[in-house]
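The values are calculated or read from the model by the stated rules, or taken from the named source; none is laboratory data. Nothing here was measured: the structure is a model prediction, and the numbers come from that model. Glycine also receives a Cβ, built like all others from the backbone with ideal geometry; neighbour counts cover every protein chain displayed.
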Amino acid sequence: MYSVLYLPDFRLQAAVREAPELAAHPIVLLDAPEDGGGEKSRGKVPVIALSPAARARGILPGMTASQAQARHAALVLRYRRPAEEMALQERLLECAASFTPDFESTAPGLCTLDLVGSPHARGPGGAEAFGRDATGLLANDHLRATAGIADHPDLALLAARLADAAAVSGTPVRVLRGTPEAIRALLAPLPVAALDPSEETRRVLALWGVHTFGDLLALPREDAAERLGAEAARLWALARGGSPRLLRLVRTPESFARSVAFEYGIETLEPLLFSLRRLLETLAARLAAVYQVAGSLRLILGFADASTHERFFRVPEPCRDVDLLFRILHTHLDGFTAEAPVIALALDAQPVRAGSSQFHLFESSLRDPNRFAETLARLEALLGRERVGAPEYRASHRPDAGGLRPFQADGGKKVALDETLATAVPLDVLLKLGPALRRFRPPVPVRVASDRDHVPLALVSGPTTGRFRQVLGPWLVSGDWWERGTLWSRREWDVQLEDDTLYRLASQHPGNEWLLDGVYR
């Protein structure tokens, strides 16, 4: 089953779309003037469309603007607006997309829908109900529309044209079903103009006295094609009801972005969270319709002082669970403050395919990556983003050289048990290494007595004091000399106090301060 949504007088409706109050007035649509609408050519511009009220006053297509105004001085003149026509066609396609994903942009003002499998056309009276819903949706935008329903697209188009001819006295929905003979009898009164012939063919048919479908079908098909060409054969076949064909389906790019503008500024968290959850529910439903999940979210807040706040959230385990995604956003907004009320909210979801991974025997993953990410977000809100993450080793000889990187639950190398055992140090080697250095973190600042060569002699203050029985060193360590402002250097000694305790002592530049790095145990 197929349906065609039809906007009669498409170009005229596009030109007066912003002024629906003019619908009952005599309106004529003029082609775009060559000089941009100057006084010299304005009166010579031809009429390309007109309203029923203007036609009732004797005005015909092809007249110039001056001729039309001579018939009726109070005419409303409008020029053709291609940009508005494109916008109106997009609105027609949006209406079709709200009922089924399978539709075709047939021509300006025409859209063909494949209703096979659509829930809107099921059940008794489902087709008529669909037509009423579709035309009513367009009527809410002050658009005049009809709907034709039939077993194939060509016949549905003729049904929509037939509904337009009877719309003034009946419903704007027409369903064509029955035997071919009965359908041809219903279509016979339709004017030939409903077939959209070329201007030359229309003029020739008018000279022959062919004004309706019935008149055209009375002509032998071969004779009409011989005199008028292939177009006449196409029109003749279409007047008989057409034939089944495949639709050139429109596949609009999927956009998973939603936004809302508030009439009044929002100053508290509760109404903002309410609107945010509504947007998430809509996005989750759209993701479910295309069998995808959200891999990341982008939140944008607009404030009354023209400033904005934007934050990107990576979903550790992509999903479309509204509660889980809402907790990610809620956790961030709990610790967020702003100096101005929120007047706009936008949310964008990046769709990805739901995937799964197979681990090796001794590999594992987090039980609930999303809950772990929520915990990290709460820690970031309490401690700051720069203090939460995974430890990262930096290739440097500087003691405790390292930092934090953003934690990724599924990133990095998964180390198996056999690899860990292969890199372990044998026990007999550990026994030969002697005592281990237990580092103080952070190092303990101390005062040291030294000689002229800066060799330490005794601890003057710190966790302990006393003279050094033995001093080994110094060992010179430095680095980052190639980076401006990051040069560092250290001199390290291993010292033994009189009570035989061993310490690691260092003199660090810049500052030349003494530090107790650790103790040997």
**Report entry** Scan of the stretch 50-86 for residues that are of a type in the set (A, V, I, L, M) and within 11 Å of L30 (Cα to Cα), ordered by number
**Finding:** L50, M63, A65, A68, V76, L77
Requested in this report: Name, by its number, the condition in (1) under 44 Å from the mean Cα position of the chain (by Cα); (2) surrounded by 13 or more Cβ atoms within 10 Å (Cβ to Cβ); (3) modelled with pLDDT under 85 that does not hold for P153.
Outcome: (3)
Query - The listed residue being farther than 30 Å from A304 by Cα, touching a residue at least 24 places away in the same chain (Cβ under 8 Å) and of a type in the set (A, V, I, L, M), out of V210, V192 - result: V192
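To keep it simple, each residue is scored yes or no on (1) at pLDDT 70 or above; (2) of a type outside the set (D, E); (3) closer than 26 Å to R314 by Cβ.
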position: S357; (1), (2), (3): no, yes, yes
position: A373; (1), (2), (3): yes, yes, yes
position: G384; (1), (2), (3): yes, yes, yes
position: V388; (1), (2), (3): yes, yes, yes
position: A401; (1), (2), (3): yes, yes, no
position: V429; (1), (2), (3): no, yes, no
position: K432; (1), (2), (3): no, yes, no
position: V444; (1), (2), (3): yes, yes, no
position: R447; (1), (2), (3): yes, yes, no
Query - Tally of residues being hydrophobic (A, V, I, L, M, F, W, C) and either in contact with a helix residue (DSSP H, G or I) (Cβ under 6 Å, 6 or more places away or on another chain) or modelled with pLDDT of 80 or more (or both) across the stretch 477-495 - result: 3
Query raised in the report: Any idea which of (1) loosely packed, with under 14 Cβ neighbours inside 10 Å; (2) touching a helix residue (DSSP H, G or I) at 6+ places or on another chain (Cβ under 7 Å); (3) basic (K, R) is the one R174 doesn't satisfy?
Result: (1)
Query raised in the report: How about the stretch 474-521: which of its residues are more than 20 Å from R441 (Cβ to Cβ) and of a type in the set (S, T, N, Q)?
Result: S478, T486, S489, Q496, N512
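Tell me, which helices (runs of 4 or more DSSP H) lie completely within the stretch 169-256 with 1 or more residues that are polar (S, T, N, Q)? Break it down into steps so the answer makes sense when it comes.
Details: elements: 180-187, 199-208, 213-217, 221-228, 230-239.
Per the criteria, 199-208.
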Query raised in the report: On the given criteria, is R277 modelled with pLDDT of 85 or more, among the charged types (D, E, K, R) and surrounded by 12 or more Cβ atoms within 10 Å (Cβ to Cβ)?
Result: yes
